[in-house]
Amino acid sequence: MPSQPSKTVIISGGTDGMGRATALERLSRGDHVTVIGSSEAKGRTLLDQAGHPNLRFLRADLSSIAEVERVIAHIGEEHDTVDALALFANRVNPKRKETADGLESTFALYYLSRYLLSHRLRPLLDAGSDPVIINVAGVGNTAGRIHWDDPQLTRRYGQVRAQLQAGRANDLLGVMFAGQAGSKARYVLYHPGFTRSGVDGHPSPVVRGSLKLLAKFFARSVADAVQPIVQWIDRPPAEPLCAIDRGKPVEKSLKTLDPDAAARLAAYTESLLRGR
């Protein structure tokens, strides 16, 4: 029997790797879990393998603003409160892809979907007793930056460049969210380090093979990497923003957590969303 009342947990990118493992761990504790993913087949496999009445799957392409808004509306119809929002969705694109909204796909999926889910679900989170948002990205890493002159990378695209920019944007998302007055939800930025999660997802077979070999010897297990997430859902940190890089707290004075840059990114993001 669960040691505390069940929670309502929303997981983006929850059909694979760490997202999937978190979903299964929380189900075992009696929580009501909604997993969002882009693959109907993977979602059905998860539902069949879990065989749990508290699990729901929502198929959505979270790189689409309309799809994210549809998911948010559905969650609002199904739940009065949300206790935890865990953000995992990401995808590597070797070549630049543009979404139907005219945005670079990595930026749209890895950063903007997390921005929208965090902010639009805030009323449901604030209705919970002890809410938390956990953003799994690369906090603590200082490589990469926001390319303010070309955030959509129309001139110089590279998959590493796009991933690093979106990672730094997620750092700033945590800062901007935690800086909002009156929100009950605590925000956790979490970098698990190199794990065995997602090594099968790279589009290049050569890179995929290399990652799998490296993971075999050097990566953390998925089960180990998700344990802090599972615990934060039970017992959120006390401070509005907590940043953890491979088990160690990140200093808030780190240049990648600059409040002025967070405010600039917030203004840019709202300008993108205005009128859509």
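Coordinate-derived values only; no laboratory data. The structure displayed is predicted, hence computed values, not measured ones. Neighbour counts are summed over all protein chains in view; Cβ atoms, including those assigned to glycine, are modelled from backbone coordinates with ideal geometry.
Sum up the charges of everything whose Cβ sits under 12 Å from the Cβ of Pro131, counting Lys and Arg as +1 and Asp and Glu as -1, but leave Pro131 out. Neighbour charge sum, excluding Pro131 itself: +1.
Other residues whose C-beta falls under 14 angstrom from the C-beta of Ser271 contribute a net charge of +1, scoring Lys and Arg +1 and Asp and Glu -1. Phi angles of region 254-268 translate, via the Karplus equation with coefficients 6.51, -1.76, 1.60 and θ = phi - 60°, into HN-Hα couplings of 4, 4, 6, 10, 6, x, 5, 5, 5, 5, 5, 5, 4, 5, 5 Hz per residue; Gly and Pro are given as x. Fully extending the segment from Thr81 to Arg156 would add 22.8 nm, taking 0.36 nm per residue of separation and subtracting the current Cα-Cα distance. In percent, rounded to a whole number, the relative contact order of region 8-273 is 19, using alpha-carbon pairs under 8 Å and six or more apart. Full extension of the chain between Glu239 and Arg264 yields a length gain of 6.7 nm, computed as 0.36 nm times the residue separation minus the alpha carbon distance.
Suppose we keep just the DSSP beta bridges with both residues in region 8-273; what percent of those would be antiparallel, to 5? Restricted to region 8-273, the bridges split so that about 10 percent are antiparallel. Label separation (Lys255 vs Arg145): 0.7 nm, computed from points 7 Å beyond Cα along the C-beta direction. Under 15 Å of direct C-alpha separation, and excluding same-chain neighbours fewer than eight residues apart, Lys7 reaches these aspartates and glutamates: Glu25, Asp31, Glu78, Asp80, Asp83, Asp126, Asp130, Asp234.
When peptides 82-91, 99-108 are ranked by their average number of other Cβ atoms within 10 Å per residue, the highest-first order is 82-91, 99-108.
For region 133-183, the set of chymotrypsin sites (Phe, Trp or Tyr not before Pro) satisfying both a DSSP loop assignment and a count of at most 15 other C-beta atoms within 10 Å is given as Trp148. The Cβ shell under 11 Å around Val35 holds other residues with a net charge of +4, Lys and Arg each +1, Asp and Glu each -1. What you get for region 8-273, charging only the Cβ of Lys and Arg (+1) and of Asp and Glu (-1), is a dipole of about 980 debye around the Cα centre.
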